[in-house]
Amino acid sequence: MGKVIGGMTLSLDGFASDPTGDISQLYPDLAALAQADVLQEEMRLTGAVVMGKRSFEMGDPDSFADSYEYQVPIFVVTHHVPEHKPKSNDRLSITFVTEGIESAVAQAKAAAGDKNVMLIGGSVNQQVLNAGLCDELHIGLMPILLGGGLRLFEHIDVTRVQLEKIKFFETGARTDIWFRVVK
């Protein structure tokens, strides 16, 4: 069975966005990153995505079927299902989950089969870590200071989460570190 993999790109002072919610400073290398072997491998190994509603709404949901890097089933955790159902294709479908994070992860794992489930969004990562459902964290670090914004680890019960470094790589200014969540 695949793993549940969380993580985000962070500034050196620990923020996943600036105070206005903008993430562009964290991804000046997005075109190069998308072509990196490690990201290509991650996409091949991903069988489903669990995403928060805010992350889902950051882009144009109708464009996901044509251009989203993970062409797999997406499970969006939300309190309210939108009236408009975004486009899908034979690989990418979007399911809105209102029954909570455990249900979303269970549905994603079933859809992913032997492949991994990727977590997208700060709140989703926090909820999955706190629920003890995360197997690995992939943290990207950019050498910038944002001074405020969303902190990935702000609402985590740190007494319940232990990490073991398993690998790292560098692409341009970016450093990525993989951690196993020790249970």
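Look at segment 150-183 and say how many of its residues are more than 27 Å from residue 40 (Cα to Cα) and surrounded by fewer than 16 Cβ atoms within 10 Å (Cβ to Cβ).
9
Within segment 114-160, track down each residue that is β-branched (Val, Ile, Thr) and in contact (Cβ under 8 Å) with a residue 24 or more places away in the chain. Break it down stepwise before answering.
So in segment 114-160, the residues β-branched (Val, Ile, Thr) come out as 117, 120, 124, 128, 139, 144, 156, 158-159.
Within segment 114-160, 117, 120, 124, 128, 139, 144, 156 meet the criteria.
Could you grab the pairs with beta carbons closer than 6 Å, sequence gap of 6+ or different chains, first residue in segment 39-63 and under 17 Å from residue 96 (Cβ atoms), second one of a type in the set (S, T, N, Q) and assigned to a helix (DSSP H, G or I)?
Hits for this filter: 52/123.
Would you point out which residue out of 183, 87, 165, 115 is charged (D, E, K, R) and under 16 Å from the mean Cα position of the chain (by Cα)?
115
Could you pull out the residue among 86, 73, 82 that is over 19 Å from residue 16 (Cα atoms) and surrounded by 20 or more Cβ atoms within 10 Å (Cβ to Cβ)?
Working: 86 fails: surrounded by 20 or more Cβ atoms within 10 Å (Cβ to Cβ); 82 fails: surrounded by 20 or more Cβ atoms within 10 Å (Cβ to Cβ).
Testing whether each residue is over 19 Å from residue 16 (Cα atoms) and surrounded by 20 or more Cβ atoms within 10 Å (Cβ to Cβ) leaves just 73.
A short reminder: the numbers here are calculations on the coordinates, not readings from a lab. The shown structure was predicted, so the numbers you read here are calculated from the model rather than taken from an experiment. Here Cβ is always computed from backbone atoms with ideal geometry, including for glycine, and neighbour counts include all displayed protein chains.
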